[in-house]
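One structure is given here, and the rest of the page talks about it.
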Amino acid sequence: MKPLPLNISPSVQAKRIAILKALAHPSRLLMVEALAGEALCVGELQQLAGGDLSTVSKHLAVLRQAGLVRYQRRGANVFYQLTAPCILKLFDCLETTREKTCQPRTP
């Protein structure tokens, strides 16, 4: 079978993969959804996701490296916010797909 010609550069493809990998953890998904509404400090994200501070910090580092969040120091606190709130449209798309493919079977 002949491969389909794609106009996606390897660097764009790598970036997309990094974003999807960053979202591929329940705690990180939860954090991204929570940051949709407002910037939150690390302590608030820790309470939301559970776990210890070092684990939450590692999750935030993955999201930062993927370019999904950025942070800002405010006094002694570090606040995170989404860099691209449009990522939530992907979640809407996933939910629509889930609804269409997970319909109960009728006898």
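The values are calculated or read from the model by the stated rules, or taken from the named source; none is laboratory data. It should be emphasised that the depicted structure is a prediction, and the values quoted were computed from it without experimental measurement. Here the Cβ is made from the backbone with ideal geometry for all residues, glycine too, and neighbour counts use every protein chain on show.
Checking the condition in contact with a Phe, Trp or Tyr (Cβ under 9 Å, 6 or more places away or on another chain), surrounded by 13 or more Cβ atoms within 10 Å (Cβ to Cβ), hydrophobic (A, V, I, L, M, F, W, C) and touching a residue at least 40 places away in the same chain (Cβ under 8 Å), which residue from Val62, Val42, Val78, Val32 passes?
Just one listed residue meets the conditions, Val32.
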Subset of the range 81-107 (residues that are assigned to a helix (DSSP H, G or I) and farther than 14 Å from Leu29 by Cα): Cys93, Thr96, Thr97, Arg98, Glu99, Lys100, Thr101
Search result, residues across the range 54-88 that are among the basic types (Lys, Arg) and over 16 Å from Leu40 (Cβ atoms): Lys58
Pick from the range 2-55, criterion closer than 20 Å to Ile87 by Cα and of a type in the set (Val, Ile, Thr), ranking: modelled with the lowest pLDDT: Ile8
Scan of the range 81-100 for residues that are in contact (Cβ under 8 Å) with a residue 12 or more places away in the chain and of a type in the set (Val, Ile, Thr), ordered by number: Thr83, Ile87
